[in-house]
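The values are calculated or read from the model by the stated rules, or taken from the named source; none is laboratory data. None of these values were measured; they are calculated from a predicted model. A quick note on method: Cβ atoms are made from the backbone with ideal geometry, for glycine too, and the neighbour counts reach across all protein chains shown.
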Amino acid sequence: MPVFPLPLGDVDRARPAVVAVDDVLDADGWHRLSSNAERLGVRPTALALSALSAATLDLAGVPLRAVFPVHSRYDPRWNDAVGWFITNSVIELPDPDPRACSDAVRDAISLGSHPLGPLLAPHGGMVEPPGMFALSWLDTRRMPLGVDGGFDVQYVSATVETDGVMVWFVINDDGLHVRWRHPDTPEAHRSLPAWIEAVTRRLQQSAHEVAEHGAGALAAG
């Protein structure tokens, strides 16, 4: 399974979790990024993943690999159901070109359509290595129940210990935000902010530059 590509220190045992939240793009910035993605013929998710891929290659020198939750219920019988219908897949992004990232998302969705339990059972089942890295992408505007922005909705999670890294990208009417969780080690306190800063910088660049310079701008920025 994928692990975070930058140093996390000693994570052979779980540590208290550190959680942080930051704003990446305001509503206008997200609109520009979405428009640029449309001009390139990809979804905004693919253009955003392009930024993650490029930042990871720059900082770690390796392709981005992460556990990637994908939707898992498409049959008509689920149309009136309410719930969080996802399964964990794996996404690999060796090429930061937005079109390659779009293909990688399709591959991850295809992989997620297969139950991994029976496939991995002969090999000892699902392995969760120390430092496991997971990405989540949630557009709350697509949820069936809208929430008035005046309520100032907060995302709340339990206090836990962890040996891995979880990053959530959340879109709402205010724009794009990132929330991340990592083990409380000196190395993780350096690695995660550096990675988040690099990703944020590239996402902000992509919101301004891709429309003018084409797909190569994000990889070269």
Suppose we keep only residues that are farther than 17 Å from Val199 by Cβ and either modelled with pLDDT under 75 or among the aliphatic types (A, V, I, L, M) (or both) within segment 88-104. Which one would you say is farthest from the chain's Cα centre (by Cα)? Ala100
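Scan Ala217, Ala194 and give me the residue that is at pLDDT 90 or above and hydrophobic (A, V, I, L, M, F, W, C).
Working: Ala217 fails: at pLDDT 90 or above.
One residue alone meets the criteria, Ala194.
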Among the residues of segment 21-61, write down those that are more than 19 Å from Ser102 (Cα to Cα) and of a type in the set (A, V, I, L, M). Val21, Val24, Leu25, Ala27, Leu59, Ala60
Listed by first then second residue, the pairs whose first member lies in segment 50-69 and is farther than 15 Å from Ser206 by Cβ, whose partner is crowded, with 20+ Cβ neighbours inside 10 Å and among the hydroxyl-bearing types (Ser, Thr, Tyr), with beta carbons under 6 Å and at least 6 positions apart or on separate chains, are Leu64/Ser53; Leu64/Thr56; Phe68/Ser89
Residue hits (segment 106-120; without any contact (Cβ under 8 Å) to a residue 12 or more places away in the chain, among the small types (Gly, Ala, Ser) and surrounded by 11 or more Cβ atoms within 10 Å (Cβ to Cβ)) are Ser110
Select from segment 22-60 the residues that are surrounded by fewer than 21 Cβ atoms within 10 Å (Cβ to Cβ) and small (Gly, Ala, Ser) and list them in ascending order. Ala27, Gly29, Ser34, Ser35, Gly41, Ala60
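Scan segment 121-135 for residues that are touching a strand residue (DSSP E or B) at 6+ places or on another chain (Cβ under 8 Å) and in a loop (DSSP other than H, G, I, E, B) and jot them down.
First pass over segment 121-135, keeping only residues touching a strand residue (DSSP E or B) at 6+ places or on another chain (Cβ under 8 Å): 129-135.
Matches in segment 121-135: Pro129, Pro130, Gly131.
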